[in-house]
Amino acid sequence: MQQNNKNSLIAIFPLLLLLACGEPPAHEHTEPGDAVETADHEEGGHAADEVALTEAQIKTIGLTLGTFDSIKISGFIKANGTMDLPPDEVATVTAPARGFVRSTRGEYLIGSYVKKGTALATLEHPDFITAQQRYLEVSAQIEFQELEVDRQQTLQAGQAGALRALQQAESELKQLRAQLAGLSGQLAYLGINPDRVREKGIVPTVTIAAPISGYITALNINQGRFLQPEEMLYEIVDNRHIHLELDVFEKDIAGVKEKMRLSFTVPSLGNEVFAGEIRLVGRSFNMENKTVRVHGHIEGKHPAFIRGLYVEAKIWNDDETVAALPASAIVTAAGLSYIFVQEPDGEPGSSHFRRIPVRTGPSDGQFVTVTPLEALPDQPAIVRSQAYFLAAQMVQGELAHEH
(Lines give C-alpha, C1' and ligand atoms only; values in the text may rest on other atoms or scores of the structure.)
Protein backbone atom coordinates (compact mmCIF):
# COMPACT_ATOMS: atom_id res chain seq x y z
CA MET A 1 0.00 0.00 0.00
CA GLN A 2 2.95 2.34 0.63
CA GLN A 3 3.89 2.22 -3.06
CA ASN A 4 0.30 3.09 -4.02
CA ASN A 5 0.39 5.97 -1.55
CA LYS A 6 3.50 7.39 -3.23
CA ASN A 7 1.93 7.07 -6.67
CA SER A 8 -1.22 8.82 -5.44
CA LEU A 9 0.78 11.76 -4.09
CA ILE A 10 2.67 12.07 -7.39
CA ALA A 11 -0.57 11.99 -9.33
CA ILE A 12 -2.28 14.74 -7.28
CA PHE A 13 0.76 17.02 -7.04
CA PRO A 14 -0.08 18.85 -10.34
CA LEU A 15 -3.61 19.35 -9.02
CA LEU A 16 -2.22 20.92 -5.87
CA LEU A 17 -0.16 23.33 -7.96
CA LEU A 18 -3.18 24.14 -10.14
CA LEU A 19 -5.41 24.84 -7.15
CA ALA A 20 -2.67 26.68 -5.30
CA CYS A 21 -2.22 29.08 -8.25
CA GLY A 22 -5.72 30.38 -7.68
CA GLU A 23 -5.18 31.07 -4.01
CA PRO A 24 -4.32 34.58 -2.75
CA PRO A 25 -1.04 35.39 -1.03
CA ALA A 26 -0.73 34.15 2.50
CA HIS A 27 -1.43 37.50 4.29
CA GLU A 28 -4.06 38.97 1.96
CA HIS A 29 -7.76 39.05 2.81
CA THR A 30 -9.73 36.24 1.13
CA GLU A 31 -13.42 35.72 0.84
CA PRO A 32 -14.97 32.64 2.43
CA GLY A 33 -14.87 29.67 0.06
CA ASP A 34 -12.15 31.09 -2.21
CA ALA A 35 -9.40 28.89 -0.76
CA VAL A 36 -8.93 25.53 0.91
CA GLU A 37 -9.39 25.78 4.65
CA THR A 38 -7.27 23.88 7.11
CA ALA A 39 -7.68 24.58 10.79
CA ASP A 40 -5.22 24.48 13.63
CA HIS A 41 -6.67 23.80 17.07
CA GLU A 42 -9.56 26.24 17.51
CA GLU A 43 -8.73 28.53 14.60
CA GLY A 44 -11.69 29.09 12.27
CA GLY A 45 -13.89 26.94 14.51
CA HIS A 46 -12.58 23.65 13.05
CA ALA A 47 -10.45 20.95 14.63
CA ALA A 48 -6.90 20.19 13.49
CA ASP A 49 -8.04 16.94 11.87
CA GLU A 50 -10.38 18.65 9.41
CA VAL A 51 -9.96 20.05 5.93
CA ALA A 52 -12.34 22.05 3.74
CA LEU A 53 -12.76 22.06 -0.04
CA THR A 54 -14.87 24.21 -2.31
CA GLU A 55 -17.39 22.56 -4.57
CA ALA A 56 -15.20 23.50 -7.55
CA GLN A 57 -12.23 21.76 -6.03
CA ILE A 58 -14.24 18.64 -5.29
CA LYS A 59 -15.34 18.52 -8.92
CA THR A 60 -11.86 19.21 -10.26
CA ILE A 61 -10.14 16.36 -8.41
CA GLY A 62 -12.98 13.91 -8.98
CA LEU A 63 -13.58 13.23 -5.29
CA THR A 64 -16.40 10.72 -4.70
CA LEU A 65 -18.45 10.06 -1.58
CA GLY A 66 -20.28 6.99 -0.41
CA THR A 67 -20.52 4.52 2.43
CA PHE A 68 -19.04 1.14 3.30
CA ASP A 69 -19.27 -1.80 0.94
CA SER A 70 -20.35 -5.21 2.21
CA ILE A 71 -18.05 -7.74 0.59
CA LYS A 72 -16.93 -11.29 1.14
CA ILE A 73 -13.32 -11.48 2.16
CA SER A 74 -11.20 -14.07 3.95
CA GLY A 75 -9.44 -13.32 7.20
CA PHE A 76 -6.92 -15.48 8.99
CA ILE A 77 -5.84 -16.55 12.44
CA LYS A 78 -2.14 -16.65 13.23
CA ALA A 79 -0.60 -19.74 14.79
CA ASN A 80 2.84 -21.19 15.27
CA GLY A 81 4.22 -24.60 16.07
CA THR A 82 6.42 -27.34 14.70
CA MET A 83 6.60 -30.04 12.06
CA ASP A 84 6.19 -33.56 13.38
CA LEU A 85 5.30 -37.13 12.42
CA PRO A 86 2.74 -39.71 13.57
CA PRO A 87 4.11 -42.10 16.23
CA ASP A 88 4.21 -45.04 13.81
CA GLU A 89 6.42 -43.08 11.42
CA VAL A 90 9.25 -42.70 13.96
CA ALA A 91 11.24 -45.74 15.06
CA THR A 92 13.78 -45.99 17.87
CA VAL A 93 16.14 -48.88 17.18
CA THR A 94 17.47 -50.72 20.24
CA ALA A 95 19.34 -53.97 20.84
CA PRO A 96 17.02 -56.96 21.41
CA ALA A 97 19.29 -58.16 24.23
CA ARG A 98 22.55 -57.23 25.85
CA GLY A 99 25.58 -57.84 23.73
CA PHE A 100 28.77 -56.52 22.15
CA VAL A 101 28.71 -54.63 18.84
CA ARG A 102 30.63 -56.85 16.46
CA SER A 103 30.15 -54.78 13.27
CA THR A 104 28.32 -51.74 11.94
CA ARG A 105 27.41 -50.53 8.47
CA GLY A 106 29.63 -47.48 8.17
CA GLU A 107 27.79 -46.14 5.14
CA TYR A 108 24.64 -45.54 7.18
CA LEU A 109 25.08 -42.21 8.92
CA ILE A 110 22.72 -39.46 10.06
CA GLY A 111 20.76 -38.36 6.99
CA SER A 112 21.12 -41.70 5.20
CA TYR A 113 18.02 -43.38 3.81
CA VAL A 114 17.47 -47.04 4.73
CA LYS A 115 14.81 -49.54 3.70
CA LYS A 116 12.88 -51.67 6.14
CA GLY A 117 14.85 -54.81 6.99
CA THR A 118 18.25 -53.34 6.10
CA ALA A 119 21.02 -54.73 8.35
CA LEU A 120 22.51 -51.88 10.38
CA ALA A 121 24.79 -53.73 12.83
CA THR A 122 25.53 -57.16 14.37
CA LEU A 123 25.80 -58.14 18.03
CA GLU A 124 27.40 -61.11 19.72
CA HIS A 125 27.08 -62.60 23.20
CA PRO A 126 27.33 -66.09 24.74
CA ASP A 127 23.63 -65.90 25.66
CA PHE A 128 22.73 -65.96 21.94
CA ILE A 129 24.59 -69.25 21.53
CA THR A 130 23.09 -70.71 24.70
CA ALA A 131 19.54 -69.95 23.55
CA GLN A 132 20.12 -71.69 20.21
CA GLN A 133 21.79 -74.65 21.95
CA ARG A 134 18.81 -75.08 24.25
CA TYR A 135 16.46 -74.88 21.26
CA LEU A 136 18.31 -77.66 19.46
CA GLU A 137 18.42 -79.83 22.60
CA VAL A 138 14.67 -79.55 23.16
CA SER A 139 14.05 -80.26 19.47
CA ALA A 140 16.05 -83.48 19.81
CA GLN A 141 14.17 -84.44 23.00
CA ILE A 142 10.87 -83.95 21.19
CA GLU A 143 11.91 -86.31 18.43
CA PHE A 144 12.79 -88.98 21.02
CA GLN A 145 9.60 -88.38 23.00
CA GLU A 146 7.44 -88.68 19.90
CA LEU A 147 8.93 -92.12 19.32
CA GLU A 148 8.23 -93.02 22.93
CA VAL A 149 4.61 -91.98 22.61
CA ASP A 150 4.26 -94.05 19.43
CA ARG A 151 5.76 -97.06 21.25
CA GLN A 152 3.42 -96.69 24.22
CA GLN A 153 0.42 -96.35 21.91
CA THR A 154 1.41 -99.59 20.17
CA LEU A 155 1.75 -101.39 23.50
CA GLN A 156 -1.54 -100.05 24.69
CA ALA A 157 -3.25 -101.18 21.50
CA GLY A 158 -1.96 -104.72 22.10
CA GLN A 159 -2.86 -104.45 25.76
CA ALA A 160 0.78 -105.08 26.58
CA GLY A 161 1.49 -101.75 28.24
CA ALA A 162 0.08 -99.75 31.08
CA LEU A 163 -2.24 -96.83 30.32
CA ARG A 164 -0.36 -94.74 32.88
CA ALA A 165 2.90 -95.09 30.93
CA LEU A 166 1.21 -93.80 27.75
CA GLN A 167 -0.28 -90.85 29.57
CA GLN A 168 3.08 -90.02 31.11
CA ALA A 169 4.81 -90.10 27.72
CA GLU A 170 2.16 -87.85 26.15
CA SER A 171 2.41 -85.35 29.03
CA GLU A 172 6.18 -85.12 28.70
CA LEU A 173 5.83 -84.55 24.95
CA LYS A 174 3.43 -81.64 25.53
CA GLN A 175 5.85 -80.08 28.02
CA LEU A 176 8.73 -80.33 25.56
CA ARG A 177 6.68 -78.81 22.79
CA ALA A 178 5.75 -75.90 25.09
CA GLN A 179 9.43 -75.39 25.89
CA LEU A 180 10.28 -75.44 22.19
CA ALA A 181 7.59 -72.87 21.43
CA GLY A 182 9.02 -70.57 24.10
CA LEU A 183 12.58 -71.00 22.86
CA SER A 184 11.44 -70.45 19.29
CA GLY A 185 9.84 -67.16 20.35
CA GLN A 186 13.01 -66.08 22.12
CA LEU A 187 15.08 -66.73 19.02
CA ALA A 188 12.61 -64.88 16.82
CA TYR A 189 12.76 -61.92 19.23
CA LEU A 190 16.54 -61.89 18.84
CA GLY A 191 16.11 -61.90 15.07
CA ILE A 192 17.26 -65.51 14.67
CA ASN A 193 15.21 -67.82 12.45
CA PRO A 194 14.58 -71.07 14.40
CA ASP A 195 14.15 -73.12 11.22
CA ARG A 196 17.53 -71.89 9.99
CA VAL A 197 19.13 -72.94 13.29
CA ARG A 198 17.61 -76.40 12.95
CA GLU A 199 18.79 -76.74 9.36
CA LYS A 200 22.21 -75.04 9.45
CA GLY A 201 23.18 -74.90 13.09
CA ILE A 202 24.02 -72.16 15.57
CA VAL A 203 24.76 -68.61 14.37
CA PRO A 204 27.10 -66.59 16.64
CA THR A 205 25.66 -63.14 15.97
CA VAL A 206 22.38 -61.25 16.01
CA THR A 207 21.55 -58.73 13.30
CA ILE A 208 19.99 -55.34 14.11
CA ALA A 209 17.73 -54.37 11.21
CA ALA A 210 15.81 -51.21 10.30
CA PRO A 211 12.19 -51.63 11.48
CA ILE A 212 10.84 -49.08 8.97
CA SER A 213 11.97 -47.35 5.81
CA GLY A 214 13.15 -43.80 6.33
CA TYR A 215 15.99 -41.46 7.16
CA ILE A 216 18.41 -41.92 10.05
CA THR A 217 18.09 -38.92 12.36
CA ALA A 218 20.11 -40.16 15.36
CA LEU A 219 23.02 -42.58 15.75
CA ASN A 220 24.56 -43.89 18.98
CA ILE A 221 26.60 -46.99 18.22
CA ASN A 222 30.21 -47.99 17.64
CA GLN A 223 32.14 -51.21 17.17
CA GLY A 224 33.05 -53.11 20.35
CA ARG A 225 30.59 -51.28 22.57
CA PHE A 226 28.59 -53.28 25.10
CA LEU A 227 24.88 -52.56 24.74
CA GLN A 228 21.91 -52.89 27.04
CA PRO A 229 18.40 -53.48 25.62
CA GLU A 230 17.10 -50.07 26.70
CA GLU A 231 19.78 -48.10 24.86
CA MET A 232 18.83 -46.18 21.71
CA LEU A 233 21.12 -47.04 18.78
CA TYR A 234 19.39 -45.38 15.84
CA GLU A 235 16.36 -43.21 15.23
CA ILE A 236 14.66 -43.55 11.84
CA VAL A 237 11.85 -41.33 10.54
CA ASP A 238 9.58 -41.81 7.56
CA ASN A 239 8.78 -38.26 6.48
CA ARG A 240 6.06 -39.13 3.97
CA HIS A 241 3.38 -38.17 6.49
CA ILE A 242 4.69 -34.90 7.90
CA HIS A 243 2.09 -32.92 9.80
CA LEU A 244 1.92 -29.67 11.72
CA GLU A 245 1.41 -29.30 15.45
CA LEU A 246 0.19 -25.72 15.87
CA ASP A 247 -0.66 -23.69 18.96
CA VAL A 248 -3.67 -21.35 18.68
CA PHE A 249 -4.30 -18.72 21.34
CA GLU A 250 -7.36 -18.91 23.55
CA LYS A 251 -8.97 -15.81 22.03
CA ASP A 252 -8.80 -17.29 18.51
CA ILE A 253 -9.63 -20.96 19.05
CA ALA A 254 -13.40 -20.49 18.68
CA GLY A 255 -12.83 -19.55 15.04
CA VAL A 256 -10.79 -22.67 14.19
CA LYS A 257 -12.58 -25.71 12.79
CA GLU A 258 -11.63 -28.93 11.05
CA LYS A 259 -11.11 -28.77 7.25
CA MET A 260 -10.20 -25.07 7.33
CA ARG A 261 -7.42 -24.16 4.91
CA LEU A 262 -4.02 -23.07 6.17
CA SER A 263 -0.78 -21.73 4.78
CA PHE A 264 2.58 -21.78 6.51
CA THR A 265 6.24 -20.92 6.18
CA VAL A 266 9.36 -22.41 7.75
CA PRO A 267 11.41 -19.29 8.63
CA SER A 268 14.70 -21.16 8.89
CA LEU A 269 14.27 -22.50 5.34
CA GLY A 270 13.21 -19.27 3.62
CA ASN A 271 9.98 -17.49 2.69
CA GLU A 272 8.34 -20.18 0.56
CA VAL A 273 4.65 -20.65 1.41
CA PHE A 274 3.19 -24.16 1.75
CA ALA A 275 -0.46 -25.23 1.98
CA GLY A 276 -2.41 -27.54 4.22
CA GLU A 277 -5.65 -28.25 6.06
CA ILE A 278 -6.77 -28.43 9.69
CA ARG A 279 -7.57 -32.07 10.56
CA LEU A 280 -7.96 -32.05 14.34
CA VAL A 281 -8.65 -29.39 16.97
CA GLY A 282 -7.45 -30.26 20.45
CA ARG A 283 -9.81 -30.62 23.40
CA SER A 284 -7.37 -29.62 26.13
CA PHE A 285 -6.16 -26.16 27.14
CA ASN A 286 -2.52 -25.40 27.89
CA MET A 287 -2.68 -23.24 31.01
CA GLU A 288 0.98 -22.23 30.75
CA ASN A 289 0.89 -20.49 27.38
CA LYS A 290 -2.93 -20.13 27.02
CA THR A 291 -3.15 -22.11 23.79
CA VAL A 292 -4.95 -25.09 22.27
CA ARG A 293 -3.09 -27.61 20.10
CA VAL A 294 -4.28 -27.93 16.48
CA HIS A 295 -3.22 -30.71 14.11
CA GLY A 296 -2.75 -29.87 10.41
CA HIS A 297 -1.88 -31.94 7.34
CA ILE A 298 0.41 -30.67 4.59
CA GLU A 299 -0.90 -30.77 1.02
CA GLY A 300 1.05 -30.49 -2.20
CA LYS A 301 4.71 -29.65 -1.99
CA HIS A 302 6.41 -30.49 1.33
CA PRO A 303 9.26 -28.50 2.90
CA ALA A 304 12.51 -30.22 3.75
CA PHE A 305 11.76 -32.06 6.98
CA ILE A 306 13.66 -31.66 10.19
CA ARG A 307 11.68 -32.95 13.13
CA GLY A 308 10.63 -30.19 15.52
CA LEU A 309 11.42 -27.36 13.09
CA TYR A 310 9.53 -24.12 13.90
CA VAL A 311 6.75 -23.00 11.55
CA GLU A 312 4.51 -19.93 11.29
CA ALA A 313 0.99 -20.51 9.98
CA LYS A 314 -2.15 -18.65 8.93
CA ILE A 315 -5.47 -20.47 9.36
CA TRP A 316 -7.90 -19.01 6.83
CA ASN A 317 -11.47 -18.26 7.85
CA ASP A 318 -14.38 -19.11 5.62
CA ASP A 319 -15.52 -16.19 3.49
CA GLU A 320 -17.60 -13.74 5.54
CA THR A 321 -19.39 -10.48 4.78
CA VAL A 322 -17.50 -7.51 6.19
CA ALA A 323 -17.44 -3.73 5.91
CA ALA A 324 -14.77 -2.56 3.49
CA LEU A 325 -13.64 0.42 1.47
CA PRO A 326 -11.59 0.83 -1.71
CA ALA A 327 -7.87 1.11 -1.07
CA SER A 328 -8.04 4.68 -2.46
CA ALA A 329 -10.20 5.68 0.53
CA ILE A 330 -7.49 4.92 3.08
CA VAL A 331 -4.43 7.03 3.89
CA THR A 332 -1.57 6.35 6.26
CA ALA A 333 0.43 8.75 8.37
CA ALA A 334 2.95 8.02 11.10
CA GLY A 335 2.11 4.34 10.94
CA LEU A 336 -1.64 4.90 11.41
CA SER A 337 -4.51 4.50 8.94
CA TYR A 338 -7.27 7.05 8.35
CA ILE A 339 -10.37 7.74 6.28
CA PHE A 340 -12.16 11.06 5.66
CA VAL A 341 -15.83 11.61 6.44
CA GLN A 342 -17.85 14.61 5.24
CA GLU A 343 -19.22 16.74 8.06
CA PRO A 344 -22.98 17.34 7.78
CA ASP A 345 -22.82 21.05 8.74
CA GLY A 346 -20.47 22.47 6.14
CA GLU A 347 -20.52 26.15 5.12
CA PRO A 348 -22.33 27.16 1.92
CA GLY A 349 -20.20 26.51 -1.14
CA SER A 350 -17.71 24.29 0.66
CA SER A 351 -17.51 20.95 2.43
CA HIS A 352 -15.61 20.02 5.55
CA PHE A 353 -14.03 16.60 5.91
CA ARG A 354 -12.91 15.05 9.20
CA ARG A 355 -10.07 12.58 9.42
CA ILE A 356 -11.08 9.38 11.30
CA PRO A 357 -8.55 6.79 12.52
CA VAL A 358 -9.34 3.22 11.49
CA ARG A 359 -7.96 -0.27 11.93
CA THR A 360 -7.48 -2.10 8.64
CA GLY A 361 -7.84 -5.85 8.12
CA PRO A 362 -7.50 -8.36 5.28
CA SER A 363 -7.64 -7.16 1.69
CA ASP A 364 -8.71 -8.84 -1.54
CA GLY A 365 -6.47 -6.55 -3.59
CA GLN A 366 -9.13 -3.90 -4.30
CA PHE A 367 -11.04 -3.54 -1.05
CA VAL A 368 -9.71 -3.38 2.48
CA THR A 369 -11.68 -4.30 5.59
CA VAL A 370 -12.01 -1.28 7.87
CA THR A 371 -12.98 -0.81 11.52
CA PRO A 372 -13.44 2.86 12.55
CA LEU A 373 -11.86 3.74 15.88
CA GLU A 374 -14.32 6.63 16.42
CA ALA A 375 -18.10 6.68 16.28
CA LEU A 376 -19.61 7.51 12.87
CA PRO A 377 -23.12 8.62 11.83
CA ASP A 378 -25.55 5.89 10.76
CA GLN A 379 -25.08 6.79 7.09
CA PRO A 380 -21.64 8.42 6.89
CA ALA A 381 -20.54 10.18 3.71
CA ILE A 382 -17.09 8.67 3.33
CA VAL A 383 -14.49 9.87 0.84
CA ARG A 384 -14.00 6.81 -1.41
CA SER A 385 -11.43 8.25 -3.80
CA GLN A 386 -8.75 10.94 -3.80
CA ALA A 387 -8.38 10.64 -0.03
CA TYR A 388 -4.69 11.38 -0.43
CA PHE A 389 -5.56 14.74 -1.93
CA LEU A 390 -7.25 15.65 1.35
CA ALA A 391 -4.27 14.32 3.29
CA ALA A 392 -1.93 16.44 1.17
CA GLN A 393 -4.13 19.51 1.69
CA MET A 394 -3.93 19.00 5.44
CA VAL A 395 -0.15 18.85 5.23
CA GLN A 396 -0.12 22.00 3.08
CA GLY A 397 -2.30 23.79 5.58
CA GLU A 398 -0.08 22.76 8.48
CA LEU A 399 3.00 24.04 6.66
CA ALA A 400 1.25 27.35 5.93
CA HIS A 401 0.42 27.81 9.61
CA GLU A 402 4.03 27.12 10.55
CA HIS A 403 5.05 30.13 8.40
GLY300 fails exactly one of the following numbered conditions: (1) within 17 Å of MET260 (Cα to Cα); (2) at pLDDT below 85. What is the number of that condition? (2)
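Here are VAL383, VAL341: which of them is in contact with a Pro (Cβ under 8 Å, 6 or more places away or on another chain) and at pLDDT 80 or above? Break it down into steps so the answer makes sense when it comes.
Values: VAL383 fails: in contact with a Pro (Cβ under 8 Å, 6 or more places away or on another chain).
The conditions single out VAL341.
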Hey, does segment 267-285 have a residue that's surrounded by fewer than 17 Cβ atoms within 10 Å (Cβ to Cβ), in contact with a His (Cβ under 6 Å, 6 or more places away or on another chain) and among the hydrophobic types (A, V, I, L, M, F, W, C)? yes
I'd like the full set of residues that are assigned to a strand (DSSP E or B) and over 20 Å from GLU231 (Cβ atoms), limited to segment 86-124. TYR113
Counting only residues that are touching a residue at least 24 places away in the same chain (Cβ under 8 Å) and either outside any helix (DSSP H, G or I) or at positive phi (or both), how many does segment 128-166 have? 0
Could you run through segment 325-366 and say how many residues are within 14 Å of LEU63 (Cα to Cα) and either of a type in the set (Phe, Trp, Tyr) or more than 34 Å from the chain's Cα centre (by Cα) (or both)? 10
In segment 183-262, which strands (runs of 3 or more DSSP E) lie fully inside it and hold 1 or more residues that are within 25 Å of ARG105 (Cβ to Cβ) and within 39 Å of the chain's Cα centre (by Cα)? 205-209, 214-219, 232-237
So is LEU336 without any contact (Cβ under 8 Å) to a residue 24 or more places away in the chain, assigned by TED's automatic domain parsing to the domain that holds VAL395 and among the aliphatic types (A, V, I, L, M) or not? yes
Name the single residue that is modelled with the lowest pLDDT among those in segment 72-85 being outside any strand (DSSP E or B) and small (Gly, Ala, Ser). SER74
Testing ARG279 on (1) at pLDDT 90 or above; (2) in contact with a Phe, Trp or Tyr (Cβ under 7 Å, 6 or more places away or on another chain); (3) of a type outside the set (A, V, I, L, M, F, W, C), one condition comes back false. Which one is that? (2)
Among the numbered criteria (1) touching a residue at least 60 places away in the same chain (Cβ under 8 Å); (2) surrounded by fewer than 17 Cβ atoms within 10 Å (Cβ to Cβ); (3) of a type in the set (Ser, Thr, Tyr), which single criterion is violated by SER171? (1)
Is there a residue being surrounded by fewer than 22 Cβ atoms within 10 Å (Cβ to Cβ), at pLDDT 90 or above and touching a Leu at 6+ places or on another chain (Cβ under 9 Å) anywhere in segment 324-331? no
Only one of (1) within 15 Å of THR122 (Cα to Cα); (2) touching a strand residue (DSSP E or B) at 6+ places or on another chain (Cβ under 9 Å); (3) touching a residue at least 24 places away in the same chain (Cβ under 8 Å) is not met by TYR189, so which one is it? (2)
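The values are calculated or read from the model by the stated rules, or taken from the named source; none is laboratory data. What you are looking at is a predicted structure, and each value in this text was computed from that prediction instead of being measured. FYI the Cβ positions are ideal-geometry reconstructions off the backbone, even for glycines, and counts take in every protein chain you see.
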